[in-house]
Amino acid sequence: MALPVEEWRLCAAGRWAALEPALRERLAAASLHDSLRLGCGLLRPEAEAAALRRLCRRARAGKEPAAARFYREEGNRLFGRRHYGPAVRLYSQAASHELPGSPEVSVCFANRSAALFHLGRFEVCLEDIARAESHGYPDRLLPKVLLRKAECLLCLGRLQDAADALSVVENKIAMDGIMTSPTHQTLLKKLSQLKIKIHEKESCPEPAREACGDIQEKSEIWEENDSISGASSSLSLNFDTERGRHLVASQDILPGQSLLKEEAFVSVLCPGESLLLQDSSETAWDTRVTNADLYCHRCLRQLLASVPCRGCSYAKYCSQNCADMAWEQYHRTECSLGALLLTLGVFCHVALRTVLLAGFAEVSRLVEWSRHDDKDLHNPEARCKPPSEAPDTRGIPGCNDSGQYQSSYRAVFNLLPHAEKHSPEHKFLCMLSVVAICKQLQEAGLEAAVLNQESSEKWSKPKTREKTSGELSPELKIMAEAMLRHVLQLQCNAQAITVMQESGSGDGAVVNKKPVRLATAFFPVLSLLNHSCCPNISVSFSGTAATVRASQPIPSGQEIFHCYGKWQDAARHLERSIEIVEMHHGPSSVEMGHELFKLAQILFNGFAVSEALSTIERAEEILSVHCGPQSTQIQELQEMKTCLLALPRSILQRT
Ligand SMILES: [Zn+2]
Ligand SMILES: [Zn+2]
């Protein structure tokens, strides 16, 4: 999902192969600026652009009333069977397809509030009732919802509020006149029951719950670095021509010690597979749950009752606040591009969001600067600044004039794109994809919004520009150049935000925890860490924030290493092959022992503590029978175990 869908990759590869050899050579050797200048016209409207438009039809990102009906009916069906959790999800899906402010969306919220009430999620239930009311819930249905509100308040122990809510219902019923239908009789019965309950509670108040102690985390000793934002003072930023920028321990570090706390500069939620249906003629909507249904599009918090975007069906938020912030910062530009961004993959999406967050002024300043720097690159004296003994950070790329390295757009921009390491075909694919995004922005009339991120006044008065045969404006070309740079940077610098997700049979019996890639992000400070297969740190995530801790003692002067290896993929792959080995050789065969040993190593390096420990034990049991307790494999397993068990408690519990 990081890269564009296969069909588009093939389309771009075909275009590349058909280019004049001379043009291919020029493109392969061109700087980012020149490759865009040469390549802008290579996305032909009737050929590549048309193919891309067809592919985009498969990605469902818009609001579809028929889908809303389908999801609401499915939700009602599950509600009837008392499957309240899944019903909440389906009502959320339904709400995301309804138009904001319509009576239909208010019905989705009201239905969802009922399911939430049954789940005992009273606070969230109240929020949904408020949403239903504000979106114009039909008047005749209101008494039922207002009664639920009173019941919720009662369950939360807010007696006065419950009594107030109840009198609102009473007034409403009185105003509506005499009611004789069975529904109304039930309502009246419920009303009087509630009144009794409130009265009982008032006369016999429950003892106030004791405030839970021990929740407060022990505050850690944390001294922030003067020159690297978010980093501990026990690190220093070094630079040499061989290793580039890197972080080094400036004093002895203990295992478990926090080394870095960084908020992502930008992050994009990885969508679920089902958002890209294979068959465009498919009419049944998917009820499978994906990342996009489970996590807030902006802050990555887990969703219970999501707030849908006003314009599309794919962006869902944890709160109205997140929805408004995302809209203001980037989503008003991204919203109508949903299908295109899903088709072109997460890297392109991260690149677009990065430039939107940075704003045109900052982007153009750095792009201009990089063009001068490109010229300097051909001048060896300007390129090789001699590494000095004392770390003077002022000359280090990404640092500001006072030598500080901050988690800023400047730092993101200075991450290495390694343009020379990408194949010319790959660069061409990225360039064509970025051009496609910018052309769509221009065609959708979003250019003014893209260029004036900082002032919301100006984009009500869009610039009138002569449309010259789909040519990009000079400003959009600057944005495109920065985006191309970011897509290429992501190949080496993308940080996966992962969470442990529970996957179970649904009946709550057996639950497996698996690391799941939740989002792709830029962490400019975290990116300073070089890769090693034997990292000396571990990274954990909470929402969009990363925390780096030492996983072993790090003596002063040693470099800090991070493992960027895709260990989750490797572990999953190995788990599948272990199943096959088990079938062929039996569960206690020596072959099984070797496979489990490999898996234990991967899990150990990936810091999946509990999984690693159980795999180590299984491997140990089998290998000690076949190879004896003195074998090197057994010794290594024991070393890994000792290391894991020596970790601070807080880490063991979290993983
Ligand atoms: Zn949120
Ligand atoms: Zn949207």
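Once phi is turned into ³J(HN,Hα) by the Karplus curve 6.51 cos²θ - 1.76 cosθ + 1.60 with θ = phi - 60°, what whole-Hz value does each residue of the range 472-487 show in order, with x for glycine and proline?
Here the 3J(HN,Hα) series is 6, 5, x, 5, 5, 5, 5, 4, 4, 5, 5, 5, 4, 4, 5, 4 Hz.
Within the range 41-71, find all residues whose amide N lies under 14 Å from a label point positioned 7 Å from the Cα of Glu7 along Cα-to-beta-carbon.
Residues 48-60 qualify, since their backbone N sits under 14 Å from the label point.
Relative to the present Cα-Cα distance, how much length would full extension add between Glu170 and Ala444 at 0.36 nm per residue of separation?
Additional length available on full extension: 93.6 nm.
Pop the C-beta distance of Arg54 and Val289 into the FRET formula with R0 = 30 Å and round what comes out to the nearest 0.05.
Between Arg54 and Val289 the formula returns 0.60.
Give me the accessible area of Arg310, 1.4 Å probe, in Å² rounded to the nearest 10.
Surface open to solvent at Arg310 totals about 130 Å².
Using a 1.4 Å probe, what is the accessible area per residue for the range 1-121, in Å²?
With all protein chains present, the range 1-121 gives 48 Å² per residue.
Sort out for me the Cα centre separation of the range 233-251 from the range 299-319, rounded to whole Å.
Using only Cα atoms, the two centres lie 40 Å from each other.
With each pseudo-label sitting 7 Å past Cα toward Cβ, what's the Glu420-Ser588 distance in nm, one decimal?
Label at Glu420, label at Ser588, 5.8 nm between them.
Points 7 angstrom from Cα along the Cβ direction at Gln638 and Arg576: gap in nanometres?
3.6
Sequence-distant or interchain residues sharing an amide H contact under 5 Å with Ile253, placed H: which?
Ile554, Ser556
Rounded to the nearest 0.05, what FRET efficiency do Ala22 and Arg82 give with R0 = 60 Å and r taken as the Cβ-Cβ distance? Could you check?
0.30
For the pairs Lys149/Lys195; Lys421/Lys598; Lys144/Lys189; Lys427/Lys477, flag any whose C-alpha to C-alpha distance is greater than 21 Å.
Lys421/Lys598
Translational D (Stokes-Einstein, µm²/s) of the range 33-94 at 20 °C and 1.002 mPa s when Rh comes from the Kirkwood sum over C-alpha pairs?
144
Under Stokes-Einstein, with the Kirkwood radius over Cα pairs standing in for Rh, what whole-number D in µm²/s applies to the range 1-124 at 4 °C and 1.567 mPa s?
Result for D is 70 µm²/s.
What are the ³J(HN,Hα) values, in whole Hz, obtained from phi via the Karplus relation 6.51 cos²θ - 1.76 cosθ + 1.60 with θ = phi - 60°, for each residue of the range 624-636 in sequence order, with x given for Gly and Pro?
Once rounded to whole Hz, the list reads 5, 5, 7, 10, x, x, 8, 5, 5, 5, 4, 4, 5.
Give me, ordered by chain and number, the residues 5 or more places off Leu260 or on other chains with an amide H under 5 Å from its own placed amide H.
Ser232, Val548
Can you send over the solvent-accessible area of Thr186, 1.4 Å probe, protein chains only, in Å² to the nearest 10?
Accessible surface of Thr186 is approximately 90 Å².
The values are calculated or read from the model by the stated rules, or taken from the named source; none is laboratory data. These figures come from a predicted structure and were not determined experimentally. Virtual Cβ from ideal backbone geometry, glycine too; neighbours counted across all protein chains shown. For accessibility, only protein heavy atoms count, side chains too; no ligands or nucleic acids. Shrake-Rupley method; radii C 1.70, N 1.55, O 1.52, S 1.80 Å.
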